[in-house]
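Bear in mind these aren't lab numbers, they're just calculated from the coordinates by the rules spelled out. Computed from a predicted structure; not experimentally measured. Note that we place each Cβ from the backbone using ideal geometry, even for glycine, and neighbour counts take in every protein chain shown.
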Amino acid sequence: MRLRPPRPEDFHSPAHTPAVTARLGLWLGVAFTVCFLTGLASHAAQHPPGWFTWPTRPISLYRITQSAHVLSGVAAIPLLLAKLWSVYPRLFIRPPLRPPARLLSHAAERLSILVLLCAAFFELASGLFNAAQSYPWRFFFVETHYAVGWIAAGALAVHIGVKLSRTGTGLAERPDPRRRAILRIAWLSTGAVVLATAGATVPWLSRVSVLAWRSPGGPQGLPVNRTAAAAGIRVPAHWSLTIAWPGGTAQLTLDELAALRQRTATLPIACVEGWSASANWTGVPIAALLTAAGAPTGRALRVSSLEPAGLYATSLLPARHAADPLTLLALRVNGQTLSPDHGYPCRIIAPSRPGVLQTKWVTRLEVLP
Ligand SMILES: Nc1nc2c(c(=O)[nH]1)N[C@H]1C(S)=C(S)[C@@H](COP(=O)(O)O)O[C@H]1N2
Ligand SMILES: [Mo]
């Protein structure tokens, strides 16, 4: 017997039939589309372009879009692996490029698949590492993940355009029982990984989510992302809040803040990493605080913390968020004084705002011109 390289016809498993490939492709396309659109939303919420303001209602809007982003990405992992398994015999098509008449379109098709694969792998892997709060690389995650997301979306659009009629034929073919069994395994493993991680954001799933990256543990019944010790926080003995605006400043001690009219609101912290948790926050609404201090309202604020350095030591509170009556400078959570890890002496908590912008250990609010 002479050995020869395999050909596509040598692969007999029903996994490699168009009926299976098309169905996996359809679901993968849905997962990628949800992931891309919610990724754009996430980016717009965290780095709003000048012409855009992220809404403050519903209060859980960011929690929902970011959970959908992370969970659709998680779902895409087994679907992508199954899809690759389904199509890999096509790697053995010889010659790899078709005759001259279709050379160009065929080469474009292959190239778009290569780009799509590399970009998809990069997005899923970097997203997963980010969710696990691990950054074993030198690039800045937010910008790179965003840029490669556009590359993946472009390559996906080309791929869908090229494969549309093939997918249609594949979907029209009824899968026989053996093919259905393969599809069932793919759905079940996708469902399993989503259930295993969704507890990070869906409270009633937390008990089954063995892989969830944030447990509900932590002081005051709320997870902690960065502890006070890790951030190098030292609260001065005579801490006071500075409020500054064009033309004036004011100082308020913690006692003075506590003496102002307090409001309690149930609001979630929704981290970009996909975990979220709701808590009862008590504090002074920012708009009322500014008015009490004699500062102008209706403008954006720069929020600064006691954190000496770090990407999230300060944040921008857009005018719409600053004006919302539920945006608080919180002093208490779940009925207790904020623990050091949750931002003592005070922190920002606002409706529908990325967790990373819910600045802890606040020391200064500056009304921007
Ligand atoms: N000053 C400061 N505030 C911060 C952070 C930080 O690193 N520094 N981390 C943010 C992130 S990423 C999240 S998700 C929330 C988490 O709040 P928690 O630790 O009270 O749950 O705090 C935010 N506030
Ligand atoms: Mo976060």
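Based only on other Cβ atoms within 10 Å, what is the fewest-to-most ordering of E173, E307?
Exposure proxy ranking, most exposed first: E173, E307.
Stokes-Einstein diffusion coefficient for the stretch 225-367 at 10 °C in a medium of 1.306 mPa s, Rh from the Kirkwood formula over Cα pairs: what value in µm²/s?
Result for D is 106 µm²/s.
On alpha-carbon atoms, Rg over Rh for the stretch 115-207 using Kirkwood Rh?
Rg/Rh: 1.07.
Check T201: other-chain or 5+ apart residues with amide H under 5 Å from its amide H, H built from backbone geometry?
S276
What is the sum of charges around P177, taking Lys and Arg as +1, Asp and Glu as -1, for the other residues whose C-beta is under 15 Å from the C-beta of P177?
+4
Taking a cut-off of 32 Å, what percent of all Cα-Cα pairs in the chain are separated by more than that?
Cα-Cα pairs in the chain separated by more than 32 Å: 44 percent.
Using mean Cβ contacts within 10 Å as the protection proxy, how do 62-68, 143-149 order, highest first?
62-68, 143-149
If packing is taken as the average count of other Cβ atoms within 10 Å, what order do 247-256, 5-14 fall into, highest mean first?
Put in order of decreasing packing, that is 247-256, 5-14.
Does anyone have the angle between helix 100-131 and the longest principal axis of the chain? Alpha-carbon axes, 0 to 90°, nearest 10?
The two axes meet at around 40 degrees.
Take the alpha carbon atoms of the stretch 36-96, find their center, do the same for the stretch 150-212, and report the distance between the two centers in whole angstrom.
One Cα centre to the other: 12 Å.
May I ask you to order 309-317, 341-349, 19-27 by the average number of other C-beta atoms within 10 Å around their residues, highest value first?
Order by mean packing, descending: 341-349, 19-27, 309-317.
Arrange W187, W204, W281, W54 by Cβ neighbour counts within 10 Å, fewest through most, would you?
Sorted ascending by nearby Cβ count, the order is W204, W187, W54, W281.
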